[in-house]
Amino acid sequence: MANGSFSRPHSFNQFLKQWMSRHWQSVTVALLGVLIPLQAFLILALVIWRHQGGLQWDIAILNGVHGMASPQLDAFAKVLTNFGTAWGVFPAVGLIALSLLFYRRWRSLTYVLITTIGCGMINTSAKAFLHRDRPSLWEHSSIHGFSFPSGHAMSSMVLVVALTVLAWKTRWRGLAIGLGSLFVTAIGWTRLYLGVHYPSDILAGWMLTLAWAISVSLIVRPNFQPPNLLEINALENQEESVPADELIPD
């Protein structure tokens, strides 16, 4: 071929260089968004498997958060924590899905559905497998179920990551990251303040969800836009109109 960039690589090193030059962004995303968070979750899960109670730093952070307790903060935390599921995340996911359905954004809709539904299934399975009891350092509202990883942390994170992925190629990316980070942190704080989760539950939920949502995005590619058929035809017509002698290299 005339263009040397499309020549067949003569060695593995040459192939690897060509492949990395085309896919380095995906490799970076897979490393930072999937491999490292997943490894962090697995380390936490292994530690929790061996030590079911709160870790030393878990207890220290919980006591520090509980030290700021007041009746006003109690009421605020109880209201805010509901936005991590029924009052916030669930309605938001529903609106996003309906909007994508209306605009026929099938890839994006598939991504949102797989990511959010899968996140709930993963959380249920992880809790059943690791069966970590909730903290009992002080009296809190009656909440059933196991503690690790935090469902509120996972649901808030999956919403933010999904929105960030969908907005990645738009001007709203920075806003999604900024406001999303505040939202995820606020929901995590409420779970600690109310005494229903250890910090390691929150951190594990964040890491597991990040790895899951990013890995699904690499497979589904929600922002992929196939070439327009008219553009393809125009390019083909343009190539056909070029004189044959111009297509032959010197």
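Laid out as a table, the results:
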quantity: Filtered residues of the range 109-139 (kept if among the polar types (S, T, N, Q) and either surrounded by 20 or more Cβ atoms within 10 Å (Cβ to Cβ) or within 10 Å of VAL196 (Cα to Cα) (or both)); calculated: THR115, THR116, ASN123, SER136
quantity: Residue satisfying condition, being part of a helix (DSSP H, G or I), surrounded by fewer than 11 Cβ atoms within 10 Å (Cβ to Cβ) and at pLDDT 85 or above, within set GLN72, GLN39; calculated: GLN72
quantity: Search result, residues across the range 140-169 that are crowded, with 22+ Cβ neighbours inside 10 Å, of a type in the set (S, T, N, Q) and not in a loop (DSSP other than H, G, I, E, B); calculated: SER155, SER156
quantity: Test: residue in the range 78-87 that is out of contact with any strand residue (DSSP E or B) (no Cβ under 9 Å at 6 or more places or on another chain), closer than 30 Å to LEU109 by Cβ and small (Gly, Ala, Ser); calculated: yes
quantity: From LEU179, LEU159, LEU137, LEU175, residue being touching a residue at least 12 places away in the same chain (Cβ under 8 Å), farther than 26 Å from PRO71 by Cα and of a type in the set (A, V, I, L, M); calculated: LEU159
quantity: Total residues in the range 123-175, condition under 18 Å from the mean Cα position of the chain (by Cα), under 26 Å from LYS78 (Cβ atoms) and among the charged types (D, E, K, R); calculated: 0
quantity: Close pairs (6 angstrom Cβ cut-off, 6 or more residues apart or separate chains): more than 13 Å from PRO199 (Cβ to Cβ) and touching a residue at least 40 places away in the same chain (Cβ under 8 Å) in the range 144-155, of a type in the set (D, E, K, R) and assigned to a loop (DSSP other than H, G, I, E, B) anywhere; calculated: none
quantity: ALA60 being among the aliphatic types (A, V, I, L, M), part of a loop (DSSP other than H, G, I, E, B), surrounded by fewer than 13 Cβ atoms within 10 Å (Cβ to Cβ) and out of contact with any Lys or Arg (no Cβ under 8 Å at 6 or more places or on another chain); calculated: no
quantity: Test: residue in the range 52-75 that is among the hydroxyl-bearing types (Ser, Thr, Tyr) and touching a residue at least 24 places away in the same chain (Cβ under 8 Å); calculated: no
quantity: Checklist (1) modelled with pLDDT under 95; (2) small (Gly, Ala, Ser); (3) touching a Gly at 6+ places or on another chain (Cβ under 6 Å) applied to SER156, failing item; calculated: (1)
quantity: Residue in the range 99-121 that is closer than 19 Å to GLY54 by Cα and aliphatic (A, V, I, L, M) present; calculated: no
quantity: Among the residues listed as TRP19, TRP24, the single one being over 23 Å from LEU130 (Cβ atoms), surrounded by 12 or more Cβ atoms within 10 Å (Cβ to Cβ) and without any contact (Cβ under 8 Å) to a residue 12 or more places away in the chain; calculated: TRP19
quantity: Scope the range 78-87; condition modelled with pLDDT of 90 or more and not in a helix (DSSP H, G or I); matching residues; calculated: none
quantity: Verdict on LEU194 being of a type in the set (A, V, I, L, M, F, W, C) and over 24 Å from ASP74 (Cβ atoms); calculated: no
quantity: Checklist (1) free of Cβ contacts under 8 Å to residues at least 60 places away in the same chain; (2) closer than 27 Å to ASP74 by Cα applied to ALA186, failing item; calculated: (1)
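A quick yes/no check of all residues on (1) farther than 23 Å from VAL27 by Cα; (2) modelled with pLDDT of 95 or more:
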site	(1), (2)
ARG171	yes, no
GLY178	yes, yes
ILE187	yes, yes
ILE219	no, no
GLN225	no, no
LEU235	yes, no
VAL242	yes, no
GLU246	yes, no
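The values are calculated or read from the model by the stated rules, or taken from the named source; none is laboratory data. Everything numeric here is computed off the predicted structure, so don't read it as measured data. In this analysis, Cβ positions are derived from the backbone assuming ideal geometry, glycine residues included, and neighbour counts consider all displayed protein chains.
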